[in-house]
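A short reminder: the numbers here are calculations on the coordinates, not readings from a lab. Note that the coordinates shown come from a computational prediction; the quantities given were computed from them, not determined experimentally. Here Cβ is always computed from backbone atoms with ideal geometry, including for glycine, and neighbour counts include all displayed protein chains.
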Amino acid sequence: MLALQAVTPAALADAVPEVTLAEARKIIAQVHRGEPVAASSAVRRTAAAAVQAVGHVPVLEIVSEVASAIDPFVKYLCESEPRGDRFETVRIPLEDQGRFTVCVSSQVGCALACTFCATGRLGLARNLAAWEIVEQVRVVRARLPRGRVHGVVFQGMGEPLANLDAVLDSIAVMTEPCALGIDARAITVCTAGLPVGIRRLAREAPNVRLGLSLSSAIAANRRKVMPIADRHDLDDVIEAVAEHAQLTGHAPMWALTLLDGVNDSDADALALVERARAFAATTGKRPRISIVAYNAIGGDDPYRRSAREAAFRAVLAAAQVASHRRYSGGSDVGAACGQLAAT
Ligand code: SF4
């Protein structure tokens, strides 16, 4: 069966020859308004019947919905039938009141095993289907008391570029005006650094933004916390990110989770200055540097939050390299960056 919430009108018209593109637009709009597929003045009875015969709208079970007591973050534990795999979604409030970003998962677990990330401890169970990604946004939207979903970040469980077919399909639906109608520039795909995927994302979804989990601009320090760095040299990753910036015109976000005594030294900060300057010289775009405070991941937690964040950022500022501190909320309910573990 075709998951109707995860197809664009063009894909529906392709898959169901009885349906015209104009009818497909009306049908997809019905689906995203939560209405049954039905004939109307703009949809012939034969077209509606053909879609009903091949399509359905599968649902995610929301196992739990937990609101943070310290900020307006909400974490949803989702389960997909029939396999029973669980994954998490986070509703992130934006500074503009009534606007929210949805942090979506793209995989159940993750194979990349970044050592500062709870998801990385789980290993990879499977990729999510496009409908399971789209449905996370619909779940959050349906539960908003007021306001609207303004953007999406692929920063939940999983490496989105390792499930790129489904991620691209979901982005096509998110940005489709008669589906979720989200501005592509308000969507960010965050990666641990897969060069082939970065280049494909630039070609096939040039309006969405790219985030790179950098960890350290010193390759040896990056390898200590991100095993994927053994497979993809940092220079190659940065080269792919530069190509992305040149092709799309978007400056990338570089994220660094500062870990005490691991990647928070002045040498790490100075290496970041050099990388950022070289990147700007090559691409004409300054990377947006996002400093993330480490959030405890429980168990035999190997790290402590860095006490050198201010000193690290001062080194950047002295070199005229701007950075900002990411507000990573929901830590009391395991919803903050690095904490998602489907619990
Ligand atoms: S940080 Fe991202 S890529 Fe790394 S283990 Fe966690 S989910 Fe996977």
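For residue 280 and residue 99, the FRET efficiency from 1/(1 + (r/R0)^6), where r spans their Cβ atoms and R0 equals 22 Å, is about 0.15. Net charge of the neighbourhood of residue 325, taken over other residues with C-beta under 10 Å away and scored Lys/Arg +1, Asp/Glu -1, is +1.
Amide H contacts of residue 64: 77, each under 5 Å away and 5 or more positions distant or on a separate chain (H built 1.01 Å from N in the peptide plane; Pro and chain starts excluded).
Dividing the mean sequence gap of close Cα pairs (under 8 Å, 6+ apart) by how many residues region 2-56 holds gives a relative contact order of 39 percent. Residues whose amide H falls under 5 Å from that of residue 176, counting only those 5 or more places apart or on a different chain, are 181, 182, with hydrogens built in the peptide plane. Here the sum of -39500 (n - 2.57) over DSSP H runs of 4 or more residues, divided by the residues of the chain, equals -10500 deg cm²/dmol at 222 nm, to the nearest 500. Each Lys or Arg adds one and each Asp or Glu subtracts one; over the other residues with Cβ under 12 Å from the Cβ of residue 67, this totals 0. Counting only Cβ charges, +1 for Lys and Arg and -1 for Asp and Glu, the dipole size of the chain around its Cα centre is about 680 debye. For region 251-303, the Cα-based Rg and Dmax, in that order, read 13.6, 44 Å.
Whole Å is fine, so just give me how far the alpha carbon centre of region 179-247 lies from that of region 306-325. Cα centres, region 179-247 to region 306-325: 22 Å. Summarising the amide proton neighbourhood of residue 212: residues at separation of 5 or more, or on other chains, whose placed amide H is nearer than 5 Å comprise 191, 253, 254, 255. With only Cα atoms counted, region 2-56 has Rg and Dmax values of 9.3, 24 Å. Of the beta bridges in the chain, as assigned by DSSP with both residues counted there, near 50 percent are antiparallel. Computed from backbone phi with θ = phi - 60° and the Karplus coefficients 6.51, -1.76 and 1.60, the 3J(HN,Hα) list for region 243-257 is 4, 4, 5, 5, 6, 9, x, 9, 6, x, 9, 10, 9, 10, 8 Hz; x is used for glycine and proline. Listed as lacking a disulfide-compatible partner in the chain: 78, 103, 110, 178, 190, 337, by the criterion of no other cysteine Cβ under 4.7 Å. The phi-based Karplus calculation (6.51 cos²θ - 1.76 cosθ + 1.60; θ = phi - 60°) puts the 3J(HN,Hα) values of region 305-315 at 4, 5, 9, 9, 4, 5, 5, 4, 5, 5, 4 Hz, whole numbers, x for Gly and Pro.
If contacts are Cα pairs under 8 angstrom and at least 6 residues apart, what is the relative contact order of the chain in percent? Don't skip to the end; give the middle numbers.
Numbers: 702 pairs, mean separation 53.1, N = 343.
Relative contact order comes out at 15 percent.
With both labels modelled 7 Å from their Cα along Cα-to-Cβ, the residue 38 to residue 183 distance reads 3.4 nm. Residue 305 sits among other residues whose Cβ lies under 13 Å from its own Cβ, and their net charge, with Lys and Arg +1 and Asp and Glu -1, is -1.
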